[in-house]
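Trainee: This structure is in structure tokens; I'll ask about it shortly.
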Amino acid sequence: NAGVTQTPKFRVLKTGQSMTLLCAQDMNHEYMYWYRQDPGMGLRLIHYSVGEGTTAKGEVPDGYNVSRLKKQNFLLGLESAAPSQTSVYFCASSYGVQPQHFGDGTRLSIL
Amino acid sequence: GESVGLHLPTLSVQEGDNSIINCAYSNSASDYFIWYKQESGKGPQFIIDIRSNMDKRQGQRVTVLLNKTVKHLSLQIAATQPGDSAVYFCAENRLSGTYKYIFGTGTRLKVLA
């Protein structure tokens, strides 16, 4: 019973590098989300998906792209990393508008 | 992780005492609220929720109170235990029936032995 699994757990990038954060859920949830968590701020929604093959922008989408090719997976991409993207990234999933289940986060540092 | 919680308000409570954590929300139209617990290095974990047509809801050792007049939400933890040490934050659903939540910044609860 894994729930929501995020990989990697930690990563350090140099400015301008690209990478993909992976999220997998085994609860057959339709909805999936990517958030970032920064000191002194609440979770902020980056992108979300309401079903396989669909994605939409959240509150802070700039500099990120996402894909939902399979129902259980939601990928977050940084095409050209910037120091402002240093954060802890959380993936979540939910059944409809029910409370979201979160992964344990990816701690990303951009130098 | 720890770096996220550096500037959070902290509530220190003796083990066995009751804890009360508060949250002010901003939108009087919000109609659904959730409390989450976040342990160090972990993701947020659902604790309890309440809809705006209720004033109080109880779970196992936890109670959520909602005061719509002053837009205030509180989480009460009875007989606080060391395992309750974590950051607690509330989330409000601003668009009824959607996934769009506004998350609070949280309060760190420290349980003193």
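Trainee: Amide H to amide H under 5 Å from residue A:86: which residues, 5+ apart in sequence or cross-chain, H placed 1.01 Å off N in plane?
Mentor: The list, which skips near neighbours in sequence, is A:110.
Trainee: Averaging the inverse of every distinct alpha carbon separation and then flipping it gives the Kirkwood radius. What is it for chain B, in angstrom units?
Mentor: Computed over chain B, the radius equals 14.3 Å.
Trainee: Something else about it: Evaluate 2.2 N^0.38 Å with N set to the residue count of the protein assembly as shown, then give the Cα radius of gyration divided by it.
Mentor: Normalised by 2.2 N^0.38 Å, the Cα Rg of the protein assembly as shown equals 1.02.
Trainee: Can you spot the aspartates and glutamates whose alpha carbon is less than 19 Å from residue B:68's alpha carbon? Ignore those fewer than 8 places along the same chain.
Mentor: Within the straight-line cut-off, residue B:68 pairs with B:31, B:49, B:55, B:92.
Trainee: Related question: Taking all pairs of distinct Cα atoms, average 1/r, flip it, and tell me the Kirkwood hydrodynamic radius of the stretch A:16-90 in Å to one decimal place.
Mentor: Taking every pair of different Cα atoms in the stretch A:16-90, averaging 1/r and inverting gives 12.6 Å.
Trainee: If you put +1 on each Lys and Arg Cβ and -1 on each Asp and Glu Cβ, how big is the dipole of the protein assembly as shown around its Cα centre, in Debye rounded to 20?
Mentor: 160 debye
Trainee: Take every residue in peptide A:95-105, count the Cβ atoms of other chains within 10 Å of its Cβ, and give the average of those counts.
Mentor: So the per-residue partner count for this stretch is 6.
Trainee: What does the net charge come to around residue A:95 if you take all other residues with beta carbon closer than 15 Å to its beta carbon, with K and R at +1 and D and E at -1?
Mentor: That works out to -3.
Trainee: Now for a separate question. Taking chain A as a Gaussian network, where each spring joins two C-alpha atoms under 10 Å apart, which residue of A:14, A:71, A:57 fluctuates the most?
Mentor: Residue with maximal mean-square fluctuation among A:14, A:71, A:57: A:14.
Trainee: Something else about it: Local charge sum around residue B:27 (other residues, Cβ-Cβ under 14 Å, Lys/Arg +1, Asp/Glu -1)?
Mentor: Cβ neighbours under 14 Å give a net charge of +2.
Trainee: In a GNM of chain B with a 10 Å cut-off on Cα contacts, which of B:94, B:51, B:61 has the highest mean-square fluctuation?
Mentor: Fluctuation is largest for B:61.
Trainee: Among A:86, A:28, A:39, whose Cα sits farthest toward the positive end of the charge dipole of chain A (+1 at Cβ of Lys/Arg, -1 at Cβ of Asp/Glu, about the Cα centre)?
Mentor: So the residue furthest toward the plus end is A:86.
Trainee: Which whole-number percentage describes the relative contact order of chain A, with Cα contacts under 8 Å and a sequence gap of 6 or more?
Mentor: 36 percent
Trainee: Also, quick follow-up: Explain nothing, just the number: relative contact order of chain B, from Cα pairs under 8 Å at least 6 residues apart, as a whole percent.
Mentor: Once normalised by length, the contact order is 36 percent.
Trainee: Only Cα pairs within less than 10 Å get springs; with that Gaussian network setup on chain B, which residue of B:22, B:67, B:53 has the largest fluctuation?
Mentor: Of B:22, B:67, B:53, the most mobile in the Gaussian network model is B:53.
Trainee: Dipole size in debye (nearest 20) for chain B around its Cα centre, Lys and Arg Cβ +1, Asp and Glu Cβ -1?
Mentor: The dipole magnitude comes to about 280 debye.
Trainee: Just report the Cα centroid separation between the stretch A:31-88 and the stretch B:35-59, whole Å.
Mentor: Each part's Cα centre sits 23 Å from the other's.
Trainee: Can I ask one more? Assign unit charges at the C-beta atoms only (+1 for Lys and Arg, -1 for Asp and Glu), then state the dipole size of the stretch A:51-111 relative to its Cα centre in Debye, rounded to the nearest 20.
Mentor: Result for the stretch A:51-111 is approximately 180 debye, rounded to the nearest 20.
Trainee: Under the definition of partner shielding as Cβ atoms of other protein chains within 10 Å of a residue Cβ, what is the mean value for peptide B:42-50?
Mentor: Across B:42-50, the average partner-chain Cβ count within 10 Å equals 5.
Trainee: Turning to a different aspect of this structure: Give the cross-link partners of residue A:57 among the lysines, using a straight C-alpha distance below 17 Å as the criterion and excluding same-chain residues fewer than 8 apart.
Mentor: B:100
Laboratory data are not the source of any read-out in this text; all were calculated from the coordinates shown. Everything numeric here is computed off the predicted structure, so don't read it as measured data. Here Cβ is always computed from backbone atoms with ideal geometry, including for glycine, and neighbour counts include all displayed protein chains.
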